[in-house]
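Data block below; observations after.
The values are calculated or read from the model by the stated rules, or taken from the named source; none is laboratory data. The model shown is predicted, which means the values in this text are computed figures rather than measured ones. Heads up, the Cβs are rebuilt from the backbone with ideal geometry, glycines too, and the neighbour counts pull from every protein chain shown.
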Amino acid sequence: MADVAARVGVSKMTVSRALNRNGTHTRSSSEALRQQILKTCHEMGYVIDQTARTFSSKRSGFVAALIPTLNNSNFSDTAHGLTAALEGSGLQVLLGYTDYDADTEERLLRAMLSRRPEAVVVTGGRHTTAARKLLKGAGVPVIETWDLPDDPVEHTVGLSNAEAVGQMVRQLHLKGYRNIAFLGGVPESDARGADRRRGFEQAMRRLKLDPRRSLSVGQAPVSMEHGAQGVALLMQRWPDTEALVCVSDHPAFGALAECQRRGWKVPGRLAIAGFGGFEVSSSCHPQLSTVVVDCVAIGRTSGELLLRAIEAARGGRRLAPETILIPYRVEMRGST
């Protein structure tokens, strides 16, 4: 700021006022000077020190958001919905990627909270003990997305992954399938995947069916390759399996491709279903039955809730905790 002031020939206070959007300039000469200062800032590559502004205004102007990965279109769509909801509010989103690792989430939370975000959005409702303490003590609005935790930190925007898979199992049962299996990753590596597995087992028990046909084929995120490996192992271990529910559409597609490679008709030899409503589920043949989730709506709804929570916080109030359910639908397609 001192360098800009020296080049223009004014005081640092004058530069500060010119950069303050709330400043008023009634005389044309004042506005002309302001434009000269702004032009000089641009020429010199000067960027306002937002850290200083944070200390003076108690507003950092950014929201911290943690997602498992951007390689998964569900989470990138969620991030898109969040940023779209905040557009025009003056708030920016700082994204962090946990790579499905709880310890990484904790480390990123510490780093982001040190920069005084005005709110925090996390994926899922399962955290390390330390991470949960960080969220509880952050003093800013917190939203957990994609899950419905039993003991939420504060706000929740998501769905019951267990119930969604349970609905898929019931639809398969209505179509006459009885020997139904589940394929997912190591439960400890993906909380949402563990919930989906739990939903499968609960639904099978309620239908008086055997819930023990359940395979774990690697760490999250479970890939197409995992699906191909898993379906081969499944049919070797339980050759009378009639239908397979996969933790997401990617391993379901891998299982479908492996069945086609081996000459196993889908759904004649084996019915296959996924989860997530990914583009691949509607682009393959036959199209995959799946649980379609409005991922953009999760992000957009979270952003809208954050705006209300942040407005309340700036006014010295605390918005009462809210749980918002995002609708989903089970789509039975050609693979079942």
For segment 67-83, indicate whether the set of residues that are more than 26 Å from Ser281 (Cα to Cα) and surrounded by 21 or more Cβ atoms within 10 Å (Cβ to Cβ) is non-empty.
no
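Report yes if Ala52 is of a type in the set (A, V, I, L, M, F, W, C) and modelled with pLDDT under 75, otherwise no.
The answer is yes for Ala52.
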Is it true that some residue in segment 152-171 is free of Cβ contacts under 8 Å to residues at least 12 places away in the same chain and more than 23 Å from Ser216 (Cα to Cα)?
no
Which condition number does Glu31 fail, the rest of (1) at pLDDT 90 or above; (2) in a helix (DSSP H, G or I); (3) out of contact with any Ser or Thr (no Cβ under 7 Å at 6 or more places or on another chain) being met?
(1)
Residue list for segment 121-164, filter: among the polar types (S, T, N, Q) and in a helix (DSSP H, G or I):
Thr129, Asn161
Gly176 being modelled with pLDDT under 95 and part of a loop (DSSP other than H, G, I, E, B)
no
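Name the strands (runs of 3 or more DSSP E) wholly within segment 267-336 that hold at least 1 residues that are modelled with pLDDT of 95 or more, more than 24 Å from the chain's Cα centre (by Cα) and not aromatic (Phe, Trp, Tyr)?
Here the list reads 271-273.
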Write out, first by first residue and then by second, each pair whose Cβ atoms fall under 6 Å of each other, whose residues are 6+ apart or on separate chains, and whose first residue, in segment 237-249, is on the phi < 0 side of the Ramachandran plot and crowded, with 24+ Cβ neighbours inside 10 Å while the second is in a strand (DSSP E or B) and β-branched (Val, Ile, Thr).
Ala243/Ile180; Leu244/Ile272; Asp249/Thr290
Being under 20 Å from Pro152 (Cβ atoms) and aliphatic (A, V, I, L, M) is the filter here, so list the residues in segment 86-107 that pass it.
Ala102
Could you go through segment 228-246 and let me know if any residue there is over 17 Å from Tyr177 (Cα atoms) and touching a His at 6+ places or on another chain (Cβ under 9 Å).
no
